[in-house]
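Novice: Pasting in a structure now, in structure tokens, and then I'll have a few things to ask.
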Amino acid sequence: MAYSGQCGDHREGGTERPGSQFWDLASELRSSMEPEEEEEEERWDGEGPGGHNTSVSMSRVIVHMDLDCFYAQVEMIRKPELKDKPLGVQQKSIVVTCNYVARNLGVKKLMAVKAAKEICPHLVLVNGEDLTPYRETSYKVTELLEEFCPLVERLGFDENFVDVTEMVEKRLKQQKTSSDLVVAGHVYNNHAIDLHDRTHVALVLGSQIAEDIRRAVATTLGLTSCAGVASNKLLAKLVSGTFKPNQQTVLLPQSRQDLLRALRGVQKIPGIGYKTAKRLETLGIESVWQLQTFPATALEKELGLSLARRIQKLSYGDDDSPVTPSGPPQSFSDEDSFKKCSTEAEVKEKLLELLPNLLERVYKDGRRPHTLRLTIRQSSSSERWFHRESRQCPIPPHLLQRFGQGNANLLSPLVDVLMKLFHKMINVEVPFHLTLLSVTFSNLKELPSTKKGSIGFYLKEMPPKRDREVDDGDAVWLQSHWRTRATKARRHLEEKDVPEAQVLNGPVPFSPHPVDHLEDTPKAMVCGQPEPTEVVVFPPDVDPQTFSELPPDVQEDLMAQWKSQEAISKPLEKPKATNEKRSSAQVNTLLRYLKPR
């Protein structure tokens, strides 16, 4: 059997934890221990009850890709002169990652900057607190992987799962003989390949596909990576870090027990988090072998049936969970940690620092978030890094309408909402000490289309050309303006092959007196046919007259959509009424006549 690929003698036991390059030391410890991995237990859960029959998973070929020292690689691409120098990426006072030049000199990930400088005085440090370049590069990698295979699942910035089973099956059909098959990279434990075993042949073909993918990422984006090839996600992830950097490893079924029992502790199994590991420790279970051999009934009694069966199944390497395409992000969040934050003013200042970048990401995404969440971490002597608390609420409708119109008019009101959430968690009358704040936008929904060429574009209410007193010229301009937009809407519908019988026979009568006409067309108006059946409240950016030009079936669809959106979005609290008098400069402007009385 011939072997291709790099076969260096550098071995690293275990794997890098998911998300280990995301934040500062506190967030790293948090993500690798309590909350994040407790959630990950659900993600790694296989289907079905306990037992160790792997006949289903043996039919799959999964590739786990892990980018080498990701943040450092991104910085070396941005600044090629750093490529051959010891480089560290700094967040706060921690070196969150470093390149392999620095690692060879003794610098390690998550080392304090001061200690790293003592070990390597020539270490070049780059500030990595702005995650934008890493996030953008990460999505480019995922998009490139999706060109090979649609089944790509993101796991943090620097990791992806790829289900290449269908690609392997196609190659198997095209393969005339298996005698010339060559495995790409390493085979775990140097186990011999049996070319008469279909599972072995499939994994060898998977290794070749993994090598093709890694080569494409290196050629196109300049990023090197490690890969693991196995029969399920759990095993692929565990074996991918065996040889590093820029290498890959195949795990055959016969070697799975060797891999699992070589892990340093049960918490090295993805899906067993910090809290679960502590509970197992009270039972005297610290190694994977102890978990495998622990009586199932005793484990179920202590942890419950579902959790006990799940983690014992994982300890045997059984994982039927599918590779689920991640799609666009389900939420946007940003956080910052610090030594101390103990006043309301400091909290507001931190929130104002987090929001602009977060709002910019939401704006680029194009969807509108409907839920806002605030997470805090209080200082704790017993559990320094793990005491987190969150509160969330729907985003008030009047703020929803402002998304996509610029960030400046959102900052102050969003901070007000976040401070209300803050006061639900913290009593400011007594001293408090925060070490982290995190803001999350979630429940993302598509915006109604307002691109030119869509019905939404022609429904959108356009502002008047200028803001001055009404005269006869304004009346003529308003009449021409609305009729022009109605004509465009009608033409758009005709281009969409709407039957002529469904198009209304003419525009709504337009009064030559703009004031009378606009006052007779309130935002809450009766829509539809001669005998109205219900009242619909229009969104603030919809022109009622243009709406009336649309066919009845289109009107019904739009009204249903608006009502469903209104049902979902409930205001946090009713806006307070105001009796403030309008300034005289506003009384005689066109804007006055465009608003309902």
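Laboratory data are not the source of any read-out in this text; all were calculated from the coordinates shown. Treat the numbers as computed from the prediction; the structure is a model and nothing was measured. All Cβ positions, even for glycine, are placed from backbone atoms using ideal geometry, and neighbour counts span all protein chains on display.
Novice: Near the amide H of Phe157, under 5 Å away, which other amide H atoms are found, from residues 5 or more places off or on another chain, if H is placed in the peptide plane?
Specialist: Close amide H contacts, sequence-distant or interchain: Gly19.
Novice: Moving on. Highest mean first, what order results for 70-77, 423-430, 327-334, 147-154 on Cβ atoms within 10 Å?
Specialist: Highest to lowest by the protection proxy: 70-77, 147-154, 327-334, 423-430.
Novice: Within a 10 angstrom radius of the beta carbon, how do Arg261, Arg391, Arg377 rank from fewest other beta carbons to most?
Specialist: Ascending Cβ contact count within 10 Å gives the list Arg261, Arg391, Arg377.
Novice: Which cross-chain or sequence-distant (5 or more) residues have an amide H under 5 Å from the amide H of Val187, H modelled 1.01 Å from N in plane?
Specialist: Distant-sequence amide H within range of Val187: Val250.
Novice: Below 8 Å, C-alpha to C-alpha, sequence gap of six or more: please give me the relative contact order for region 266-327 in percent.
Specialist: 31
Novice: When Val182, Val61, Val415 are ordered from fewest to most other Cβ atoms inside 10 Å of their Cβ, what list results?
Specialist: With the fewest neighbours first, Val182, Val61, Val415 line up as Val182, Val415, Val61.
Novice: Give me the net charge of Arg60's neighbourhood, meaning all other residues with Cβ under 11 Å from the Cβ of Arg60; Lys, Arg count +1, Asp, Glu -1.
Specialist: -4
Novice: Can you find, among Ile311, Gly271, Pro253, the residue sitting farthest towards the positive end of the charge dipole of region 243-317, where Lys and Arg contribute +1 and Asp and Glu -1 at Cβ?
Specialist: Of the candidates, Gly271 comes out farthest on the positive side.
Novice: Which of the pairs Lys237/Lys278; Lys176/Lys268; Lys313/Lys445 have their Cα atoms more than 32 Å apart in this structure?
Specialist: Beyond 32 Å between Cα atoms: Lys176/Lys268; Lys313/Lys445.
Novice: Once Lys and Arg get +1 and Asp and Glu get -1 on their Cβ, which of Phe441, Ser342, Leu354 lies farthest toward the positive end of the dipole of region 333-446?
Specialist: It is Phe441.
Novice: Can you give the charge dipole size of region 266-327 about its Cα centre, rounded to the nearest 20 debye, using +1 on the beta carbon of Lys and Arg and -1 on the beta carbon of Asp and Glu?
Specialist: Dipole magnitude for region 266-327 comes out near 180 debye.
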